[in-house]
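What follows draws every value from the coordinates through simple rules; no lab data is involved. Owing to the predicted nature of the structure, the values given are computational and were not obtained by experimental measurement. Cβ sites come from the backbone with ideal geometry, for glycine too, and all protein chains shown count toward neighbours.
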Amino acid sequence: MFITERHRPSELLHMEAMFSRSKLDDKNHNQLENLRRGYEGECIYDNIFNEVGHDNSYIYRDVYLNIEDSTTQYDSLIVTEEGVVVNEIKNFSGTYTVSDDSWAKGNFELPDDPFAQLRRAIGKMRRLSLSSDLQFKVSGKLIFPNEECTLIIADELLKQNIIIRSNLRRYLARFKNSFSGNFAREICEVITEHIVVNPYFKSAVDFDDVRHGIYCSECAGFEVDSERFHFRCSSCGSYETKETHFVRAISDYKYLFGKLPMTTNRMMEFTNYKFSKRSVQRLLAKYCDREGIYKSTSYKFKYYDFEDAMSKQPRNIRYKDRID
């Protein structure tokens with residue numbers, strides 16, 4: 001069973017908000033595409049795992065663990081009675097020539113060695129095992145979920161540490177018959193105790209360096225016409241509720257401005273005064289936790305991101321979005 005949810009990484013949410021509200025240079029645009037591709041590969045992995053079933057295993061997805069005063073990110077940890085399996089997911093496409101210490105795509109050699117990343121992740125997990133009283137076994141695989149990825153590997157030992165898309169379903173199906181009893185649950189307790197918030201995400205921009213307003217989720221246009229309960233995009237004609245637009249703005253704010261306090265006046269300015277002060281206060285109270293009192297009042301988004309809020313917050317069915 002999945003123990004943790006997989007969300008879009010903080011870095012991806014930041015770059016997507018920047019893409020919607022500013023012009024990215026080539027470097028940042030490439031970074032955005034790489035982040036999207038990585039997340040898409042993880043979702044493919046999750047979907048296949050769901051299809052084959054995982055009721056007899058405990059799976060942690062996209063977690064950061066603080067182990068011996070350093071933090072390591074894990075794409076997937078599979079916990080059974082036999083121990084922990086680390087899955088490092090790489091959504092590569094194209095043809096790669098692989099050796100023990102280098103990966104090359106044509107004449108371009110990758111700056112990072114996926115094998116080294118996997119070894120570091122396994123090593124950290126083994127340190128966690130040694131520091132606990134459980135002494136659980138740790139192993140791992142590199143996962144390549146993209147059907148358009150071809151790996152040329154001469155060394156048979158290296159192949160044993162790699163799972164490509166054609167073998168992924170068969171590989172994950174092995175865990176369907178695994179047994180997870182008290183020992184597995186104790187391992188999960190150790191892992192859960194070491195989970196921390198992503199400490200590496202520190203990206204932030206100045207409040208005035210991005211475009212203010214609200215935009216259509218379908219065509220990204222900022223020209224929207226106000227109706228009773230909706231905004232209608234003047235470019236593509238899509239309707240989204242005013243509440244939907246405001247929640248998207250809250251999520252953008254969270255991932256754009258870092259520690260800049262979210263206040264009623266700032267949200268009115270950020271949405272280009274498309275909402276009344278009363279509406280802003282009502283929606284902030286609904287979707288955020290209030291911090292401070294009187295003039296020092298600010299708000300903190302209750303949810304991870306826009307999609308998380310939309311999936312968990314009950315909404316009036318009369319005010320549905322209509323995307324054309």
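First select every other residue whose beta carbon is under 15 angstrom from the beta carbon of PHE301; then total the charges, Lys and Arg +1, Asp and Glu -1. With Lys, Arg at +1 and Asp, Glu at -1, the neighbours total +3.
Estimate the FRET efficiency between LYS302 and ASP206 by the formula 1/(1 + (r/R0)^6), using the beta-carbon distance for r and 35 Å for R0, to the nearest 0.05.
Details: r = 25 Å, r/R0 = 0.72.
Here the calculated transfer efficiency is 0.85.
Under the combined filter of DSSP loop state and at most 12 neighbouring Cβ atoms within 10 Å, segment 234-293 retains these trypsin sites (Lys or Arg not before Pro): LYS259. Multiplying each eigenvalue of the alpha-carbon gyration tensor of segment 145-206 by 5 and taking the square root yields semi-axes of 30, 26, 12 Å, largest first, rounded to whole angstroms.
Computed on the chain, with alpha-carbon pairs under 8 angstrom and 6+ residues apart, the relative contact order is 16 percent. Restricting attention to segment 77-195, lysine pairs at least eight places apart or on different chains and with alpha-carbon atoms under 25 angstrom apart total 16.
Which helices, taking whole DSSP H runs in the chain, have alpha carbons extending 20 angstrom or more along the helix axis plus mean Kyte-Doolittle at least -0.5?
Values: long enough: 26-52 (39 Å, -1.31); 114-131 (26 Å, -0.27); 242-256 (21 Å, -0.63).
Both cut-offs are met by 114-131.
Which of the residue pairs LYS202/LYS277; LYS254/LYS300; LYS202/LYS259 have a Cα-Cα distance greater than 19 Å in the structure shown? Intermediate values should be presented prior to the final figure.
Numbers: LYS202/LYS277 30 Å; LYS254/LYS300 8 Å; LYS202/LYS259 9 Å.
Checking Cα-Cα distances, LYS202/LYS277 exceed 19 Å.
The radius of gyration of the Cα set in segment 120-251, together with its Dmax, comes out at 24.3, 65 angstrom.
So what is the diffusion coefficient of segment 86-178 in µm² per second by Stokes-Einstein at 10 °C and 1.306 mPa s, using a Kirkwood Rh over Cα pairs?
Details: Rh = 14.5 Å.
D, rounded to a whole number, is 110 µm²/s.
Think of each Lys and Arg Cβ as +1 and each Asp and Glu Cβ as -1; about the Cα centre, that makes the dipole of the chain roughly 1300 debye. Please tell me the relative contact order of segment 222-278 in percent, rounded to the nearest whole number, where contacts are Cα pairs under 8 Å and at least six residues apart. Computed over segment 222-278, the figure is 18 percent. Only helices enter the 222 nm calculation for the chain: every DSSP H run of n ≥ 4 contributes -39,500 (n - 2.57), and dividing by all residues gives -11500 deg cm²/dmol, rounded to 500.
Measuring max minus min along each principal axis, the C-alpha atoms of the chain give extents of 64, 47, 37 Å (largest first). Above 15 angstrom, tally the Cα pairs of segment 202-244 and express them as a % of all pairs, no decimals. It works out to 46 percent of all Cα pairs.
Could you give the semi-axes, largest first, of the ellipsoid that matches segment 1-52, computed as the square roots of 5 times the alpha carbon gyration tensor eigenvalues and rounded to whole Å? If you can, show how the numbers build up before the last one.
Numbers: eigenvalues 148, 25, 9 Å².
In descending order, the three semi-axes are 27, 11, 7 Å.
Legend: calculated FRET efficiency, TYR171 to PHE19, from the Cβ-Cβ distance at R0 = 35 Å, rounded to 0.05, equals 0.50. Entry for segment 206-324 at q = 0.12, 0.19, 0.21 Å⁻¹: log10 I(q)/I(0) = -0.41, -1.06, -1.29, Debye formula applied to identical alpha-carbon scatterers, no solvent contribution.
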